[in-house]
Amino acid sequence: MNRPALRPAPVAALFDPAAETMPRAELAALQLARLKTTLTRAYENVPHMRRRFAEHGVGPDDLKTLADIRHFPFTGKADLRDNYPFGMFAVPREDVVRVHASSGTTGKPTVVGYTADDIALWADLMARCLTAAGATRHDIVHVAYGYGLFTGGLGAHYGAERLGAMVVPVSGGMTERQVTLMRDFGANVLCCTPSYALNIAEVAEQSGIRRDALKLRTGVFGAEPWSEQMRSELETRLGLQAIDIYGLSEILGPGVACECTAQAGLHGWEDHFLFEIVDPKTLEPLPMGATGELVITTLTKQALPMVRYRTRDITRLVDEPCACGRSHVRIMRVTGRDDDMMIIRGVNVYPSQVEAVLVGLPGIAPHYQIVLTRRNALDHMAVEVEVAPDVAQDDATLARIGHEVQHRIKSTIGITCEIVAKRPGEVPRSQGKAVRVKDQRHVSE
């Protein structure tokens, strides 16, 4: 798919030039000092972490170099759930000014806390991200991430306010109204999940609102893995530059890393986070440039210091200089999650691989859902796809398209799956994070 002619972004700017262009040696020294503080804070104030350190035979004084972090224990969602709700906090409850939490659909929710300083830091880092994405204080920022216990909405909101921009705090849902507000208010920056941005584009087109009627220039999209094919689709249909942002509530929320307008990897803010890549099976550290699981240690969080948090996200790090002048390591696009990987009859499959095949295929709309079932004791994978509105919708055409998509997935990914071609509007739309995989293996046979 050809990339569209985009509205020009402002000249690349830096929100905090001294921090964002810090020489690598100076950055490493700062990380080491702050890492020692984080380990001490966790050891002295979080009983669970003190026990975990003891189990591994280490203490804060054992850290001499950044590489020594490999001797310290990992942290995961289970640690937060086992200490629900506030057992992982390193400050008195009275010092926690806000909490966020996961939905808890797979068990107890994971609860995260923030001091006033943590909130201020979060706003600063989100302002860095928005600036890197090309936003300025003169922009109108339309925030369509969900507000509430989910960190997306308030994270983007406070960052845009810290930047000095006008914020439109719409949250998710009521998509027709969102499109109207974007047109009437003249929003320049859209913040939401990529799947919801696609929903916005579709509703705008159905409402007869051309992309030229919107003043969108930049889209800051995150909270779910998405592909380069999805980026091209969004840029074509919304007339903006689609920027990838990364974060997770256990570490901070959105704002841990973000692409700049060069779109050459996400700048991870190393003055506040230590990034590692480990082999997801052996958990041994991997060298710079190798693909594995991203592990993050917070360096300045007060309420909830995280030591070697396993994100389960599969990616790689690069430390070559970026054209924008930022010196921080870059996190390359997340290709999937270790715990989202599907093993179907011996073949490893990530939802993002399926998306990369589907988005941009002639005759196919960029809406899909993967349904996993079990048949005769074997895993079965079906992919529900939706034909484009301008394609004939008779049974013969749907069958032909299904066969073509099945062949494309087989030749690209190496797996045979069932394709269910549906008519426009029949695949569920996202109002926030897209549910790409519906796993029904536990209820089917």
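Stretched out straight at 0.36 nm per residue, the stretch from A262 to A25 would grow longer than its current Cα-Cα span by 82.9 nm. Quick check: the distance between the Cα centres of the range 321-341 and the range 362-389, to the nearest angstrom? Each part reduced to its Cα centre gives a spacing of 29 Å.
Peptides 143-156, 179-192: what's the order by average Cβ count within 10 Å, highest mean first?
Going from most to least packed, we get 143-156, 179-192.
The order of K281, K64 by accessible area, most exposed first and with a 1.4 Å probe, is K281, K64. The angle between the Cα long axis of helix 228-238 and the longest principal axis of the Cα atoms of the chain comes to about 70 degrees, rounded to the nearest 10.
Taking only protein heavy atoms into account and a 1.4 Å probe, give the accessible area per residue of the chain in Å².
So the chain comes to 42 Å² accessible per residue, rounded to a whole number.
Percent of accessible area on the chain owned by carbon and sulfur, 1.4 Å probe? Carbon and sulfur atoms account for 52 percent of the accessible area of the chain. Rounded to the nearest 10 degrees, the inclination of helix 24-45 to the longest alpha-carbon principal axis of the chain is 80 degrees.
Note on H56/D16: beta-carbon distance plugged into 1/(1 + (r/R0)^6) with R0 of 25 Å gives a FRET efficiency of 0.10. Once the Cα atoms are used to define both axes, helix 151-163 deviates from the longest principal axis of the chain by about 70 degrees.
Summary of packing: across the peptides 161-167, 435-441, 258-264, the per-residue average of other C-beta atoms within 10 Å ranks them, highest first, as 258-264, 161-167, 435-441. Computed over neighbours whose Cβ is under 13 Å from that of A160, the net charge equals 0, Lys and Arg +1, Asp and Glu -1.
Hey, can you rank 360-371, 121-132, 292-303, 402-413 by average C-beta count inside 10 Å, highest first?
Averaged packing, sorted descending, gives the order 121-132, 292-303, 360-371, 402-413.
Once you've got the Cα coordinates, tell me which of K215/K438; K108/K433; K108/K422; K77/K281 are over 24 Å apart. Among K215/K438; K108/K433; K108/K422; K77/K281, the Cα-Cα distance tops 24 Å for K215/K438; K108/K422. Applying 0.36 nm per residue to the separation of M341 and T37 and subtracting their alpha-carbon distance, the gain on full extension is 105.9 nm. Based on DSSP, what percent of beta bridges with both residues in the range 208-282 are antiparallel, to the nearest 5? Bridges in the range 208-282 are about 65 percent antiparallel.
With contacts taken as Cα pairs under 8 Å and at least 6 residues apart, the range 220-372 reaches a relative contact order of 20 percent. With contacts taken as Cα pairs under 8 Å and at least 6 residues apart, the chain reaches a relative contact order of 15 percent. Taking a sphere under 13 Å around the Cβ of P23 and counting the other residues whose Cβ falls inside, with K and R at +1 and D and E at -1, yields a net charge of -3.
Note on V97/S411: beta-carbon distance plugged into 1/(1 + (r/R0)^6) with R0 of 56 Å gives a FRET efficiency of 0.55.
For L283 and A78, the difference between the fully extended length at 0.36 nm per residue and the C-alpha to C-alpha distance is 72.1 nm. Taking all protein chains together, D82, D16 sort by accessible area into D82, D16, largest first [probe 1.4 Å].
Computed over the range 289-445, relative contact order equals 19 percent, with contacts defined as Cα pairs under 8 Å that lie 6+ residues apart.
Each Lys and Arg adds +1 at its Cβ and each Asp and Glu adds -1 at its Cβ; summed about the Cα centre, the range 110-166 shows a dipole of about 120 debye. In the range 310-433, the DSSP beta bridges split such that about 75 percent are antiparallel, to the nearest 5. Sum up the charges of everything whose Cβ sits under 9 Å from the Cβ of A257, counting Lys and Arg as +1 and Asp and Glu as -1, but leave A257 out. Value of the local net charge: -1.
Would you mind pulling out the separation of the Cα centroids of the range 150-184 and the range 48-94, in Å? After rounding, the separation between the Cα centres reads 36 Å. Of all DSSP beta bridges confined to the chain, the antiparallel ones make up roughly 65%.
Computed from phi, the 3J(HN,Hα) profile of the range 408-419 under the Karplus parametrisation 6.51, -1.76, 1.60 (θ = phi - 60°) reads 5, 5, 4, 6, 8, 9, x, 10, 8, 9, 7, 10 Hz, with x in place of Gly and Pro.
The values are calculated or read from the model by the stated rules, or taken from the named source; none is laboratory data. The structure presented is a predicted model; accordingly, all values stated were derived computationally and were not measured. Don't worry about glycine lacking a Cβ; one is built from the backbone with ideal geometry, like all the others, and counts go over all protein chains shown. To get the accessible areas, we keep the full protein, side chains included, count just its heavy atoms, and leave off ligands, DNA and RNA. Shrake-Rupley method; radii C 1.70, N 1.55, O 1.52, S 1.80 Å.
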